[in-house]
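The values are calculated or read from the model by the stated rules, or taken from the named source; none is laboratory data. What you see is a predicted model, and the numbers here were worked out from it, not measured in a lab. Note that each Cβ is placed from the backbone with ideal geometry, even for glycine, and that neighbours are counted across all protein chains shown.
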Amino acid sequence: MFTITVASILLVIFIGLGLYLKSVPIFEHNSFWHLISSSEWKPGKGEFGFLPFIAGTVWVTVIAVVLALPVALFTALYLTEYSRSYIRRWVFTALDILAGIPSVVYGVWGTLFIVPWISEKLAPHFVEYSTGYTTLAGGIVLGVMILPLLISLFVEIFSAVPKEFRDASLSLGATKWQTSKYVIIRKTLPGIIAAVILSVSRALGETIAVLMVCGNVTIIPHSLFDSCYPLPALIANNYGEMLSVPMYESALMLAAFLLFIVVFIFNASSRAVIYKIVHSR
Amino acid sequence: MKFKFIEEKIAKSVMIFFALLVVGFVVNIIYTILRRGLPALNWDMISKIPEGGYYNGGGGGILNAIMGSLYIVLGSTFLGLLVSIPIVFYLNVFLNKDSKLAYIARLAFDIMFGIPSIVYGAFAFTIMIYLGMHTSLGGGILVITLLIIPIFIRSMDEVALQLPKDLLDATYALGATKLETIKVVLRQIAPGIATATLLSVGRAIGDAAGVMFTAGFTDSIPTSLSQPAATLPLSVFFQLSSPNADVQDRAYSAALILIFIVLVISVTGRVITTHFSKNKI
């Protein structure tokens, strides 16, 4: 049992190491800095500039978090501080379903609902023409996808605040909202930040749903209505041909390695913070 | 009326609005998929494998993908349970509450939980190339097992952490060895195992990015572990990328089938969880 436990811990390191070793060959031709700052992506000519993909990933993720954060924060406050238990049961059921919906279904929903909505209703107010397959569409779909994770983390963190704190604040004449604002949120701020980082790392790696709605054009998006091409989509779209072009495999493995490292750091730090909060009750 | 009461009213309405929005997303997603998927759904879809020219609008169904997903889910759930039950048992019975190894192990599983499935897929793909393997059912099962082990361990562990120390002491007092306490522990964490299985099955059946690399895609039902296997999410994805409108409609029905399976699993899971809880102290 000791062996399986240690082996599974080592697996994390093994995955990181494996991806790193696979992506080493590309460093012999390009410096790391050149790879992540160049926007020339011509695998046939040996040009691998990751900037458009990194920019796409960052854009989509930022939009998702900006949209999901207020919704999640207010919903979680409502569930822990205000709502009756039967309402809580209903919303939790909805969240369970939301968390269980496969990402490909989110993608289908995005193409059927969000994409037409953007191209017909929203985009005409801002730009002349948009197909709807945009950075914004990716961000919205991704935002809905991270909602259940964010809300359940927030609920867990808010519930860890001792009841005495609330009572003290309420007995001083504060309203529930003032209590939420000045006591609950202030007390749990590190936890909130950790939860956001955790959901960012979830958003970074989401592949199929984003791939289906964000257009996949190799450009650096300059507005919400431009298409983009995030890193996971790059890996998923090109794995088939990567063996036939030199250095291509190495480049894609570098993309996977970048994702791995960022997710690793984000996860490790935020989990450590959340662990401290929930266990210090 | 004082400002703080107006503020309270506004804050509360915002919260209710956002909570309704979350429920609204669930309703909208299911409604959208139902509206487009139901008309194209017929018995052939779930009882036949694709016939010639299926992806250009020919006859047949997606039984290949349904069976492929089923095999992968069953195989990986079995393997996942086989690996994770000993680990959870080891973490909670053999290690102290403040053991360093247990802390690192839990952190490692949290990190593994956060690693995107596309990274697992890419990693497994390079290993498979290295070993000279082709995309196969076995490869798919292994990757999904990696993907769900952290879910298994984390959700079982959460229940096992609540295990009263007195209960273990009582079994030791009766002369049981640490290993023999597994009979008691298993019965106590049974609801945890049920919830964990349910969560992992949901994630396993919905994952597309991991199996894309490793299980491949095929029009027939695999008869051995070394043959490629189709999966439902990929079947949705590939049909949706077809320019043919009929085939796209089938993608919507396939998505409907997928979402239906996930919902059924989560409902039965709930029933089983309540049933299993009866032995819990």
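Hey, A:S38 hits all of (1) polar (S, T, N, Q); (2) under 22 Å from A:G139 (Cβ atoms); (3) touching a strand residue (DSSP E or B) at 6+ places or on another chain (Cβ under 8 Å) but one; which does it fall short on?
A:S38 satisfies every listed condition except (2).
Within the stretch B:118-129, can one find any residue that is in contact (Cβ under 8 Å) with a residue 12 or more places away in the chain and farther than 23 Å from A:S201 by Cβ?
Of all residues in the stretch B:118-129, those in contact (Cβ under 8 Å) with a residue 12 or more places away in the chain come to B:118, B:120-122, B:124-125, B:128.
Filter once more, so that each one left must be farther than 23 Å from A:S201 by Cβ: B:128.
Yes, the stretch B:118-129 contains at least one residue that is in contact (Cβ under 8 Å) with a residue 12 or more places away in the chain and farther than 23 Å from A:S201 by Cβ.
Being assigned to a helix (DSSP H, G or I), of a type in the set (G, A, S), surrounded by fewer than 16 Cβ atoms within 10 Å (Cβ to Cβ) and within 10 Å of another protein chain (Cβ to nearest Cβ) is the filter here, so list the residues in the stretch A:237-275 that pass it.
A:A272 - this is the single residue of the stretch A:237-275 that is assigned to a helix (DSSP H, G or I), of a type in the set (G, A, S), surrounded by fewer than 16 Cβ atoms within 10 Å (Cβ to Cβ) and within 10 Å of another protein chain (Cβ to nearest Cβ).
Return yes or no: is A:D167 touching a Ser or Thr at 6+ places or on another chain (Cβ under 8 Å) and of a type outside the set (S, T, Y)?
So A:D167 does not fit the description; no.
Those residues that are surrounded by 15 or more Cβ atoms within 10 Å (Cβ to Cβ) and free of Cβ contacts under 8 Å to residues at least 60 places away in the same chain, I need them from the stretch B:152-176; list them, please. Don't jump to the end; show me each part of the working.
Filtering the stretch B:152-176 down to residues surrounded by 15 or more Cβ atoms within 10 Å (Cβ to Cβ) leaves B:152-157, B:159-161, B:163, B:168, B:171, B:176.
Answer for the stretch B:152-176, where residues must be surrounded by 15 or more Cβ atoms within 10 Å (Cβ to Cβ) and free of Cβ contacts under 8 Å to residues at least 60 places away in the same chain: B:R154, B:S155, B:V159, B:T171, B:A176.
Suppose the filter is away from every other protein chain (no Cβ under 13 Å) and either assigned to a helix (DSSP H, G or I) or not aromatic (F, W, Y) (or both); does A:E156 pass it?
In short, no.
Per-residue answers, yes or no, for (1) of a type in the set (S, T, N, Q); (2) surrounded by fewer than 18 Cβ atoms within 10 Å (Cβ to Cβ); (3) more than 30 Å from B:Y90 (Cα to Cα):
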residue: A:I9; (1), (2), (3): no, no, no
residue: A:K22; (1), (2), (3): no, no, yes
residue: A:S31; (1), (2), (3): yes, yes, yes
residue: A:F92; (1), (2), (3): no, yes, yes
residue: A:W109; (1), (2), (3): no, no, yes
residue: A:I118; (1), (2), (3): no, no, yes
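Limited to the stretch B:26-70, what total is found for residues that are basic (K, R) and within 22 Å of A:L112 (Cα to Cα)?
Summing the residues that are basic (K, R) and within 22 Å of A:L112 (Cα to Cα) in the stretch B:26-70 gives 2.
Evaluate the following for A:V278: is it away from chain B (no Cβ under 12 Å), more than 20 Å from the chain's Cα centre (by Cα), over 30 Å from A:V24 (Cα atoms) and in a helix (DSSP H, G or I)? I'd like the intermediate steps shown before the answer.
Values: away from chain B (no Cβ under 12 Å): no; more than 20 Å from the chain's Cα centre (by Cα): yes; over 30 Å from A:V24 (Cα atoms): yes; in a helix (DSSP H, G or I): yes.
Against the criterion (away from chain B (no Cβ under 12 Å), more than 20 Å from the chain's Cα centre (by Cα), over 30 Å from A:V24 (Cα atoms) and in a helix (DSSP H, G or I)), A:V278 does not qualify.
With B:S224, B:S235 as the choices, which residue is surrounded by fewer than 23 Cβ atoms within 10 Å (Cβ to Cβ), of a type outside the set (A, V, I, L, M, F, W, C) and over 19 Å from B:Y120 (Cα atoms)?
B:S224
Yes or no: the stretch A:103-125 includes at least one residue that is more than 21 Å from B:A208 (Cα to Cα) and of a type in the set (D, E).
Checked against the condition, which is being more than 21 Å from B:A208 (Cα to Cα) and of a type in the set (D, E), the stretch A:103-125 yields at least one hit.
Taking only the stretch B:93-119 into account, find how many residues are within 17 Å of B:T181 (Cβ to Cβ) and either crowded, with 22+ Cβ neighbours inside 10 Å or within 8 Å of chain A (Cβ to nearest Cβ) (or both).
Within the stretch B:93-119, residues that are within 17 Å of B:T181 (Cβ to Cβ) and either crowded, with 22+ Cβ neighbours inside 10 Å or within 8 Å of chain A (Cβ to nearest Cβ) (or both) number 1.
Within the stretch B:217-237, work out how many residues are among the small types (G, A, S), touching a Gly at 6+ places or on another chain (Cβ under 7 Å) and within 14 Å of chain A (Cβ to nearest Cβ).
Number of matching residues: 1.
Being more than 10 Å from chain A (Cβ to nearest Cβ), more than 30 Å from B:T145 (Cβ to Cβ) and either surrounded by 13 or more Cβ atoms within 10 Å (Cβ to Cβ) or of a type in the set (D, E, K, R) (or both), is that true of even one residue in the stretch B:4-26?
No: zero hits.
Out of (1) farther than 22 Å from B:A208 by Cα; (2) at pLDDT below 90, the odd one out for B:G24 is which?
(2)
Just a yes or no: is a residue in the stretch A:45-52 farther than 30 Å from A:S223 by Cβ, touching a residue at least 40 places away in the same chain (Cβ under 8 Å) and not in a helix (DSSP H, G or I)?
Quick first cut of the stretch A:45-52, residues farther than 30 Å from A:S223 by Cβ only: A:46.
With touching a residue at least 40 places away in the same chain (Cβ under 8 Å) added as a condition, the list becomes A:46.
If we keep only those that are not in a helix (DSSP H, G or I) too, we end up with A:46.
There is at least one residue in the stretch A:45-52 that is farther than 30 Å from A:S223 by Cβ, touching a residue at least 40 places away in the same chain (Cβ under 8 Å) and not in a helix (DSSP H, G or I).
Quick one: in the stretch A:202-236, of everything that is within 10 Å of chain B (Cβ to nearest Cβ) and not aliphatic (A, V, I, L, M), which residue is nearest to B:L232 (Cα to Cα)?
A:T207
Tell me yes or no: at least one residue of the stretch B:130-144 is surrounded by fewer than 19 Cβ atoms within 10 Å (Cβ to Cβ), out of contact with any helix residue (DSSP H, G or I) (no Cβ under 8 Å at 6 or more places or on another chain), under 30 Å from A:A255 (Cβ atoms) and not hydroxyl-bearing (S, T, Y). Spell out the reasoning first.
As a first pass, look at the stretch B:130-144 and keep what is surrounded by fewer than 19 Cβ atoms within 10 Å (Cβ to Cβ): B:130-134.
Still in the list and also out of contact with any helix residue (DSSP H, G or I) (no Cβ under 8 Å at 6 or more places or on another chain): B:130-132.
Going one step further and asking which of them are under 30 Å from A:A255 (Cβ atoms), we end up with B:130-132.
Subset that is not hydroxyl-bearing (S, T, Y): B:131-132.
Yes - at least one qualifying residue is present in the stretch B:130-144.
Can we say B:P39 is more than 11 Å from chain A (Cβ to nearest Cβ), under 27 Å from B:L225 (Cβ atoms) and outside any helix (DSSP H, G or I)?
Numbers: more than 11 Å from chain A (Cβ to nearest Cβ): yes; under 27 Å from B:L225 (Cβ atoms): no; outside any helix (DSSP H, G or I): yes.
So B:P39 does not fit the description; no.
Go through (1) surrounded by fewer than 19 Cβ atoms within 10 Å (Cβ to Cβ); (2) in contact with a helix residue (DSSP H, G or I) (Cβ under 7 Å, 6 or more places away or on another chain); (3) not in a helix (DSSP H, G or I) and name the single condition A:V127 misses.
With (1) surrounded by fewer than 19 Cβ atoms within 10 Å (Cβ to Cβ); (2) in contact with a helix residue (DSSP H, G or I) (Cβ under 7 Å, 6 or more places away or on another chain); (3) not in a helix (DSSP H, G or I) applied to A:V127, the lone miss is (2).
Do you know which residues across the stretch B:56-66 are of a type outside the set (A, V, I, L, M, F, W, C) and either within 14 Å of chain A (Cβ to nearest Cβ) or buried (at least 16 other Cβ atoms within 10 Å of the Cβ) (or both)?
If the condition is that a residue be of a type outside the set (A, V, I, L, M, F, W, C) and either within 14 Å of chain A (Cβ to nearest Cβ) or buried (at least 16 other Cβ atoms within 10 Å of the Cβ) (or both), then B:G60, B:G61, B:N64 are the ones that fit.
Residues being away from chain B (no Cβ under 11 Å) and assigned to a loop (DSSP other than H, G, I, E, B): count how many of those fall in the stretch A:74-124.
1
Could you check the stretch B:177-281 for helices (runs of 4 or more DSSP H) lying wholly inside it with 2 or more residues that are touching a residue at least 12 places away in the same chain (Cβ under 8 Å) and under 27 Å from B:L41 (Cβ atoms)?
In the stretch B:177-281, the matching helices (runs of 4 or more DSSP H) lie at B:190-206, B:209-214, B:232-240, B:245-276.
Inspect the stretch B:186-203 for any residue being under 15 Å from B:G121 (Cα atoms), assigned by TED's automatic domain parsing to the domain that holds B:I127 and not charged (D, E, K, R) and give the result as yes or no.
In the first step, residues of the stretch B:186-203 are kept if they are under 15 Å from B:G121 (Cα atoms); the result is B:203.
When the remaining residues are screened for being assigned by TED's automatic domain parsing to the domain that holds B:I127, the result is B:203.
Going one step further and asking which of them are not charged (D, E, K, R), we end up with none.
Scanning the stretch B:186-203, I find no residue that is under 15 Å from B:G121 (Cα atoms), assigned by TED's automatic domain parsing to the domain that holds B:I127 and not charged (D, E, K, R), so the answer is no.
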